[in-house]
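A short reminder: the numbers here are calculations on the coordinates, not readings from a lab. For clarity, every value in this text was computed on a predicted model and none was experimentally measured. Reconstructed Cβ throughout: ideal geometry from the backbone, glycine too, with neighbour counts over all protein chains shown.
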Amino acid sequence: MSAANVVLRGIEKRYGGVIAVAGIDLSIAAGEFVALLGPSGCGKTTTLRMIAGLEEPTGGDILVNGRRINDIGVHQRNFGMVFQDHALFPHMTAFDNIAFGLKYRKVPRPDIQRKVRQALDIVRLPHVGERLPRELSGGQQQRVALARAIVIDPDLLLFDEPLSALDANLREEMRIELKRIHRTVGITTVFVTHDQGEALSMADRVVLMHDGRIDQEGAPEQLYRSPNTEFAARFFGHVNELGGTATAPGLVRIDDGTLVPASGLNLAPGTPVRLLFRTERARVVPVGPADPSTATVQGTVESSDYMGMMVRYVVDLGGRQVIVTQAVGDRQYRVGEAVCVKIPADAWMTF
Amino acid sequence: MSRRRLFHWSLGAITLLVFLFMLAPALVVVAQAFNESPSGNFPITGLTLRWFAALPEDPAIVGAMHTSLALAAWTSVLATLIGTAAAYALARFRFRGRGQVQLFLTVPILVPHIVLGVGLLLAFRMVGLSKSFVLLVAGHVAITLPFVVLTTGHRLQAIPRQIEDAARTLGANRLQAFIAITLPLALPAILTSLLFSFMTSFDEVTATLFWLPPNTETIPSHIMAMLQFSTDPKIHSLSSLLILGSVGVAVMTVLAVRALSTDTQGSRK
Amino acid sequence: MRMAAAAPGFRTLGDGAAVAWSLLLPALCCVAAFVIVPVISLGLYSFWERLPTGAVQQVFTTANWRELLGDSYYAGMLFKTLKLAAAVTLLCALVGYGPAYYITLLPPRRRAILVTLLFLPSWISYVVRSMSWLPILGKEGLLNTILGGSGLTSGPLPLLYNEFSVVLGMVQFLLPLMIVNIYIGLQAVDRKLVDAARTLGATDAQAFFAVTFPIAWPGLAAGCLLTFILAMGAYITPQILGGPGTSYYANLVFETFVAQQDWPLGAALSLVIIFFLVAGLVLYGRLAGISTMFREVRR
């Protein structure tokens, strides 16, 4: 299979006075799995559809293997696409659905048989060929849709939120399947989703989009640990916020008076500052002495949710509530108990 | 019996009565068609088929039948073609003025047939054209077009657009995608439009009376004429044939639609 | 500039708009040529002069309109037709609501059958349906035969060729339309809302009037509008089932046009009814919302 590299240069889409995509520059290497992630309305689906050729960019170029494809029609681009609602042809069997693309490529009959069987094997559904879409379960439908997209040996695989319509367990399963298939087949993949968990677990590279632009892109850990914008920080996981004023380099006095070390922070004394941190970077500990390298803030446990491996505490810090998730240790803190929340100096995110 | 069930049953009884009210007169006509008595009145004196046999002997009736069938055929084909194309454009494309166009195409429903009859005749006269078969077809298409647009439009909108997109990513161009995917799925609505516009054209009389060229009649206009000589017993047998024909077409339509329908989502309910 | 959550699947202006307009063109031409132009022609004709010979001269005159507005006969005819249409609409609504509601109580499969059955009579030509009342209502018709034979009446009842038979015929003709529209309106009511009302203490009847009826209102309104419009234009039924004294507006137009060959006056009369219906439509639009009407008319 020939995987292609894709370059988007200055891609823009306007509808009248409304801008859906405001200028995207993106390079996708051959064989890479890239996730376009973002809230609804951020332009990720529109971008995907422009790559597919279902929408025409009002500005910019799309290049595949160095060749500009803006003027090439959808049916000639040879990209496989999997849609949110599988979009299987309801009046054709699974076999005919998968064979559809092959017919337009004038593949001879015996080869069609072989290729369709192959595709069904890849998605692990060897026996559903004669069934109609409505006779298949949600997961099976999505897999047939995938087989239909792969069988044509596409240069690019495009996914438009394919898992959103499935229930939680199925989604998990399908995520693993898709990753496996990508490893086996190696086609360059662009995957649109609004689910950060999906993007983080599946992609080689995540492209976070916001208001028609790219907010940040990089490997999953990079986005998660080192977000460049508050939007990116807040998009992944849960983020707590504390307010305070800078007192000295690396030191902040937060609203309840506690002095808090924040490494790397260099603001003029008196500057108001908002400190953000992730729930899993903090820890609830018994009340005890402060320690210069870690912030220690006093508070009371509001609620504690036992989640099996982890426990989630909501702690009231003098009016502000923060959420802390930590491993279930020997010590469990009860509602109403006075505790300290410890936050390491390098856990803070400020923007 | 609980109050709920009593209510259910009385409502069912009312529905039955209403249904009989709507259907019974037609049954009476059919009964009269077999009535020996030429006056077409009760009581029924005997059963005979001669009023049916007399129908093909009557040249006026045969002529009217030809006209009606030809007119209905032309109307249904034209209206369905034009209307389905328009419905597809409205369902699949977004453009400025889409709402207005939709309104514009549906407005003719609200024009009373008598007004349409007079108006179209006047318009033709003003351009110097006289009454003709073309005038009849034009008028009938105008009458049935909105229904076609609404019926096929509704069905087309129910077909997820993504299915056509999928076909196009797989290598079909727009026309191929339409023929291979959209058309089969829209077939029930198209068939319904075809048959419905056929029946509407066949039955139309109010406006048609204004448009008939000399020496031309449609079946309904002929029936109106026959009613002036109310003693012609062929009127009952002719009407019976119409009733049977209409009911037959209606049943055929429903069965055909049932057979052709695939759930547009293709999903298990 | 707003950010759009672009609706995927639509081709926008520039993306195949040419294709869209070329698909629409035949339909637009048909409506423009065969509906709009005729209405304009009516307007023009109504201002032209009719010579005593019967020919029409294209000379501007307001004579037709003055006659129409001046002679109370025409206004009276309009009013009479209005009363008929209102009566027929009301009857259809009252008689039709029950069956429409009944259909919603049935399981889904039976529903489809019943709707089809209900629609069956409407496939029969309305000329036939109107005239099918003749053997029933006539002096020697079915009803009178039964009533006379069983001794309930002394002589034949005048059931035919009067307002009674006209109203009966029209109600029979328009009832399926009303029922279907009410039914569509009722379908929009989520059962769960009724359940919620009942858990909150409403009886079946109260839940119906507080929840079901208001939500299903657009269906009833659409049905009434369509029924009223069709009833206003009634020509065939009064012609077949009516007698002296049951001539309505459409019959008047026909008379004026065909019997009296007074085309300009006929044109003016036709325009009046259009204005009237447009006014009614605007009123309806204010009351019920135009979009709901189009949603309901779509079947």
Response to the item:
A correct Karplus calculation of ³J(HN,Hα) over segment B:84-97, with 6.51 cos²θ - 1.76 cosθ + 1.60, θ = phi - 60°, whole Hz and x for Gly and Pro, returns 5, 4, 5, 5, 5, 4, 5, 7, 10, 10, 10, 8, 5, x
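Taking 0.36 nm per residue of separation and subtracting the Cα-Cα distance, what length does fully extending B:L20 through B:I109 add? Walk me through the numbers on the way to the answer.
Values: separation 89, 0.36 × 89 = 32.04 nm, distance 2.83 nm.
Between B:L20 and B:I109, full extension yields 29.2 nm more.
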Worksheet item: In square nanometres, what is one fourth of the surface area of the convex hull spanned by the alpha carbons of the protein assembly as shown?
Response: 52.8 nm²
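Using alpha carbon coordinates only, what is the Rg to Rh ratio of chain B, with Rh defined as the Kirkwood radius? Before the final figure, lay out each step's value.
Details: Rg = 23.0 Å, Rh = 21.8 Å.
Expressed as Rg/Rh, it is 1.06.
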Discussion item. Please list 3J(HN,Hα) in residue order for segment A:71-87, calculated via the Karplus relation 6.51 cos²θ - 1.76 cosθ + 1.60 where θ = phi - 60°; whole Hz, with x for glycine and proline.
Written reply: 8, 8, x, 3, 6, 10, 7, 6, 10, x, 10, 10, 9, 4, 9, 6, 6
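Show me the three semi-axes of the equivalent ellipsoid for segment C:39-107, from the C-alpha gyration tensor (sqrt of 5 times each eigenvalue), largest first, rounded to whole Å. Spell out each step's value before the answer.
Numbers: eigenvalues 399, 48, 14 Å².
That gives 45, 16, 8 Å for the three semi-axes.
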Discussion item. Quick check on chain C: what are the equivalent-ellipsoid semi-axes from the Cα gyration tensor, as sqrt(5λ), descending, whole Å?
Written reply: 38, 35, 18
Practice prompt. Compute from the Cα atoms of chain A the Rg and the Dmax, the latter being the longest Cα-Cα distance, and quote both in angstrom.
Written response: 24.9, 78
Response to the item:
Expected vector for segment B:120-133, Karplus 3J(HN,Hα) from phi with 6.51, -1.76, 1.60 and θ = phi - 60°, integer Hz, x for Gly and Pro, equals 5, 4, 4, 4, 4, 4, 5, 8, x, 8, 9, 4, 7, 4
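Give the residue list of trypsin sites (Lys or Arg not before Pro) in segment A:279-332 that are DSSP loop and have at most 14 other beta-carbon atoms within 10 angstrom. Working shown, then result.
Values: sites: A:R281, A:R283, A:R312, A:R320, A:R331; in loops: A:R331.
Here the sparse-neighbourhood loop sites are A:R331.
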Practice prompt. Please work out the Cα center distance from segment A:197-212 to segment A:49-78, rounded to the nearest Å.
Written response: 22 Å
Response to the item:
With the convex hull built on the alpha-carbon atoms of segment A:238-347, volume per residue in Å³ sits at 91 Å³
Worksheet item: Considering only the protein assembly as shown, what is the antiparallel percent among its DSSP beta bridges, to the nearest 5?
Response: 75 percent
Worksheet, complete the sentence: The alpha-carbon center of segment C:124-145 and that of segment A:231-309 are separated, in whole Å, by 89 Å
Response to the item:
Rounded to the angstrom and largest first, Cα extents along the principal axes for segment B:100-164 equal 50, 21, 17
Discussion item. Test of understanding: extend the Cα→C-beta vector of A:R183 to 7 Å, then name every residue of segment A:200-222 with backbone N under 14 Å from that spot.
Written reply: A:202-204
Worksheet item: Over chain B, what is the relative contact order in whole percent, taking alpha-carbon pairs under 8 Å and six or more residues apart?
Response: 31 percent
Practice prompt. Using all C-alpha to C-alpha distances in segment C:205-245, build P(r) with 10 Å bins and read off the rounded percent in each one.
Written response: 25, 29, 22, 17, 7
Discussion item. Need one number: nm distance between label points at A:T300 and B:A225, each 7 Å from Cα along Cα→Cβ, rounded to one decimal.
Written reply: 9.8 nm
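Seen from all sides and averaged, what is the projected area of the convex hull of the Cα atoms in segment C:123-192, in nm²? Write down the numbers at each step before the final one.
Values: hull surface 28.3 nm².
Dividing the Cα hull surface by four gives the mean projection, 7.1 nm².
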Worksheet item: Which of A:K106, A:K44, A:K179 moves the most in a Gaussian network model of chain A with Cα springs under 10 Å?
Response: A:K106
Discussion item. If each DSSP helix of 4+ residues adds -39,500 (n - 2.57) and the sum is divided by the residues in chain A, what number results at 222 nm, nearest 500 deg cm²/dmol?
Written reply: -7000 deg cm²/dmol
Worksheet, complete the sentence: Within 10 Å of the Cβ of an average residue in B:9-20, the count of other chain Cβ atoms is 5
Worksheet entry | B:H154/A:Q76 FRET efficiency (R0 35 Å; Cβ-Cβ; nearest 0.05) | 0.60
Item to complete: At 7 Å along the Cα-to-beta-carbon direction for both B:I179 and A:N228, put a label point, then send me their distance in nm to one decimal.
Response: 5.0 nm
Worksheet entry | DSSP-loop trypsin sites (Lys or Arg not before Pro) across segment B:109-210, with at most 16 other Cβ within 10 angstrom | B:K131
Worksheet item: Between A:Q332 and C:Q206, what is the label-to-label distance in nm when each label sits 7 Å out along the Cα-to-Cβ direction?
Response: 4.6 nm
Response to the item:
Taking r as the C-beta separation of B:H8 and C:I146 and R0 as 30 Å, the FRET efficiency to the nearest 0.05 is 0.45
Discussion item. Antiparallel versus total DSSP beta bridges in segment A:6-234: what percent is that, nearest 5?
Written reply: 55 percent
Response to the item:
Candidates A:A22, A:A268, A:A94; GNM for chain A (alpha-carbon contacts under 10 Å) flags as most fluctuating A:A268
Item to complete: Please work out the FRET efficiency for the pair C:E67 and A:R134, using the Cβ-Cβ distance as r and a Förster radius of 41 Å; give the result to the nearest 0.05.
Response: 0.05
Worksheet item: GNM on chain A, C-alpha springs below 10 Å: top fluctuator among A:E221, A:E230, A:E130?
Response: A:E130
Item to complete: Taking chain B as the reference, fit the longest principal axis to its C-alpha atoms, fit the long axis of helix B:3-33 to the helix C-alpha atoms, and give the angle between the two in degrees, 0 to 90, nearest 10.
Response: 60 degrees
Worksheet entry | Tilt relative to chain A, helix A:109-122 - C-alpha long axis, 0 to 90 degrees, to 10 | 20 degrees
Practice prompt. Return the long-range amide H neighbours of A:H210 (sequence gap of 5 or more, or a different chain), with a cut-off of under 5 Å between placed amide H atoms.
Written response: A:D215
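Compute the Kirkwood hydrodynamic radius of segment C:82-203, taking the inverse of the mean of 1/r over all pairs of distinct Cα atoms, and give it in Å to one decimal. List each step's numbers first, then the result.
Values: mean 1/r = 0.0587 Å⁻¹.
By the Kirkwood definition, the hydrodynamic radius is 17.0 Å.
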